[in-house]
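Just so it is clear, none of the values below were taken in a lab; they were calculated from the coordinates. Everything numeric in this text was worked out from a predicted model, so none of it was measured. As a convention, Cβ positions derive from the backbone with ideal geometry for all residues, glycine included, and neighbour counts pool all protein chains shown.
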Amino acid sequence: MKLSPTTTTRTRLERGRLCPQSLLRTWTFALQALGPIPSFRRAFTLIELILVMALITIVVSVSLPSLKGFFKGRDLDSEARRFLSLTHYASSRAVAEGVPMELYVDTQQKLYGLRAQAGFLESDSRAVQYKLPEELSFEVTAAPAKKISGQDNFDDPEAEFANADDESTGTRPIKILRFTSDGFIGDKSPAAVILRQRAADDLTEGSALAIAQSATRLNYEIRTLQQQR
C-alpha cells in the first residue's frame, strides 16, 4: 500500500528516526504536490510613484480652467431646466387644484419659486423656492405686446410690465409668471426669463439661456441666446 507524504512523516516521527533534512524534503514534496505557488507582482518603487504623481499634477493644472468652464455651463443648463420644469409643474398644479399659480422671480435676491395666488388658499404647504448660484443672474422681459387673438395685451397700450405685474417687497421688485386655473399662461406674464452666467474675466458677457413663451404661447421653452461682444 502506498503511503502519502503526511502518513510517512507521521510514521517516521513515531519511530523517532526523522531528521531535520528529511522533514524539509518531505514538506517540499508535499507543497509541490499541491501545485505551483502563485507569484506576486512587483510593487512600485518610490521614484515611480513620484513620477506618476507629478504627471497627474501637470494634467490637472492644464485641464482645470476647461473643467471650471464645463461645470459652470452645467450650472446654467441645470437651472434653466429646473425653471422650465417649474413652469410645467405650475400649469399641472393649477389644473389639478383649480387654483391660479404664481411663479415669482426676485431678480435682486436671485430667488424664484412657486406658490398659489393669494386669496385662494389659507396656506400653501406645497410652495417651493430656489436660489440661483452666485455666478448666475436673472433678467425678466416684458409681457408680449399682443394676445394670441391679436388684441392689445393691456387695456392701456402704453402700460408696461413693471407697472402691471410687479409685486414690491420692501425695495425688491418681484416679477410674476401667472398660470390660470385651466393651466394656461396669464396674458400679462413675461415673454421670457433670461438666465445669464457671469464670464470668468468679468469683461465680456457670459453665456445666457432664455425660458421664453413658445410661438403658441401655451407653454415656455428653453432658447439659446447668442453672446454679445
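Observations on the structure shown:
- Karplus-derived 3J(HN,Hα) values for the range 87-102, using 6.51 cos²θ - 1.76 cosθ + 1.60 with θ = phi - 60°, are 5, 5, 5, 4, 5, 5, 5, 4, 5, 5, 9, x, 10, x, 10, 10 Hz; glycine and proline are entered as x.
- Nonlocal amide H pairs with V140, under 5 Å, H built at 1.01 Å: I194
- In this structure, the amide hydrogen of Q117, modeled 1.01 Å from its nitrogen in the peptide plane, lies closer than 5 angstrom to those of M101, E102, counting only residues at least 5 positions away or on a different chain.
- Scalar couplings 3J(HN,Hα) for the range 212-221, obtained by applying the Karplus form with A = 6.51, B = -1.76, C = 1.60 to θ = phi - 60°, are 10, 5, 6, 4, 7, 6, 9, 7, 9, 8 Hz; x denotes Gly and Pro.
- Ranked for footprinting exposure by Cβ neighbours inside 10 Å, fewest first, L111, L86, L103 give L111, L86, L103.
- Amide H contacts under 5 Å for N219: S214, restricted to partners 5 or more places along the chain or on a different chain, H placed in the peptide plane at 1.01 Å from N.
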